[in-house]
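Peer 1: Have a look at this one.
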Amino acid sequence: MSIVIIDYGMGNLGSIANMLKKVGAKAVISSDIATIENADKLILPGVGAFDHGMRNLNELGLIPLLNTKVLQDKTPTLGVCLGMQLFSQKSEEGILSGLGWIEAETRRFNFNQEQLGLKVPHMGWNLINLKQPHPVFTDMYEEPRFYFVHSYHVVCQQRENILATSHYGYEFVSAVARENIVGVQFHPEKSHKFGMKLYRNFAENFDGTHESYPLLAVAE
């Protein structure tokens with residue numbers, strides 16, 4: 001089993017690799033096309049601006065390869081923070097198109113008058129509310145909470161792609177899923193036992209199959 005953490009100059013890759021090592025999973029950090037081609041699972045991390053991330057992926061020649069691995073080969077793939085946002089079609093933060101793996105767009109937190117005291121970025125620990133079961137959350141600890149640092153969040157067009165939500169001023173999507181694709185807005189590698197459980201589940205339990213449950217996706 002080979003897990004490749006994609007190095008496109010946008011993430012705290014070492015922290016993710018260290019967390020995977022702690023749970024007994026082998027992972028390599030790489031931007032090498034052959035290494036990514038042979039990966040059994042992929043992690044797309046990311047910290048920074050949307051356009052910068054897409055530009056780096058393009059300059060490294062990784063976008064066609066990733067589309068093949070993810071969309072055709074159905075390689076189990078985890079996006080973290082900006083990595084999850086790049087799954088969307090576009091972002092208010094920039095002008096470049098995203099990967100478009102999830103029917104969604106990325107928007108900046110936009111608070112009304114009653115919420116104006118809230119700071120952006122949203123930073124710190126927050127609870128998540130699972131909307132449907134998923135292998136990466138198998139046997140998760142009660143009241144799962146994770147560490148967030150972000151100014152933008154994903155807005156899904158398809159309810160069945162919403163895996164979890166959190167609340168900061170209003171409810172926002174904090175995790176997405178579609179078949180072999182799963183993304184989290186938070187940083188599992190900074191989230192102690194909760195993040196360790198998620199990475200262990202990704203390494204051991206997620207084989208790339210996931211059945212969505214639209215009726216459970218969001219509360220009306």
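The values are calculated or read from the model by the stated rules, or taken from the named source; none is laboratory data. Quick caveat, the model's predicted, so the values are computed rather than measured. Every residue, glycine among them, receives a Cβ derived from its backbone with ideal geometry; neighbour counts consider all protein chains shown.
Peer 1: Identify the residue in the stretch 84-93 that is in a loop (DSSP other than H, G, I, E, B) and within 15 Å of the chain's Cα centre (by Cα) and, among all such residues, is nearest to Asn180 (Cα to Cα). Quick ask: steps written out before the conclusion?
Peer 2: So in the stretch 84-93, the residues in a loop (DSSP other than H, G, I, E, B) come out as 87-89, 92-93.
With the extra rule that they be within 15 Å of the chain's Cα centre (by Cα), the set shrinks to 87-89.
On the way: Phe87: 12, Ser88: 15, Gln89: 18 Å.
Only one residue tops the list, namely Phe87.
Peer 1: Right, another one. Do we have Lys69 as without any contact (Cβ under 8 Å) to a residue 40 or more places away in the chain and in contact with a Ser or Thr (Cβ under 7 Å, 6 or more places away or on another chain) here?
Peer 2: yes
Peer 1: Quick check: anything in the stretch 85-100 touching a Gly at 6+ places or on another chain (Cβ under 7 Å), in contact (Cβ under 8 Å) with a residue 60 or more places away in the chain and under 21 Å from Asn205 (Cα atoms)?
Peer 2: No: the stretch 85-100 contains no residue that is touching a Gly at 6+ places or on another chain (Cβ under 7 Å), in contact (Cβ under 8 Å) with a residue 60 or more places away in the chain and under 21 Å from Asn205 (Cα atoms).
Peer 1: When you check Leu96 against the structure, is it in a strand (DSSP E or B) and either acidic (Asp, Glu) or at pLDDT 95 or above (or both), yes or no? Spell out the reasoning first.
Peer 2: Details: in a strand (DSSP E or B): no; either acidic (Asp, Glu) or at pLDDT 95 or above (or both): yes.
So Leu96 does not fit the description; no.
Peer 1: Checking Lys190 against (1) within 30 Å of Ser2 (Cα to Cα); (2) of a type outside the set (Ser, Thr, Tyr); (3) modelled with pLDDT under 95: exactly one of these is not met. Which one?
Peer 2: The single condition Lys190 does not satisfy is (3).
Peer 1: Looking only at the stretch 71-100, which residues are within 22 Å of Pro135 (Cβ to Cβ) and among the charged types (D, E, K, R)?
Peer 2: Asp73, Lys74
Peer 1: Right, another one. With the condition being among the β-branched types (Val, Ile, Thr), I'd like the helices (runs of 4 or more DSSP H) fully within the stretch 1-83 carrying at least 3 qualifying residues.
Peer 2: Helices (runs of 4 or more DSSP H) meeting the threshold: 33-37.
Peer 1: Of the numbered conditions (1) within 17 Å of Gly9 (Cα to Cα); (2) in contact with a helix residue (DSSP H, G or I) (Cβ under 6 Å, 6 or more places away or on another chain); (3) not in a loop (DSSP other than H, G, I, E, B), Thr106 satisfies every one except a single condition; which is it?
Peer 2: (1)
Peer 1: Does Thr68 count as among the β-branched types (Val, Ile, Thr) and either closer than 26 Å to His134 by Cα or buried (at least 16 other Cβ atoms within 10 Å of the Cβ) (or both)?
Peer 2: yes
Peer 1: Does Gly53 satisfy being in contact with a strand residue (DSSP E or B) (Cβ under 7 Å, 6 or more places away or on another chain), closer than 22 Å to Cys156 by Cβ and crowded, with 17+ Cβ neighbours inside 10 Å?
Peer 2: In short, no.
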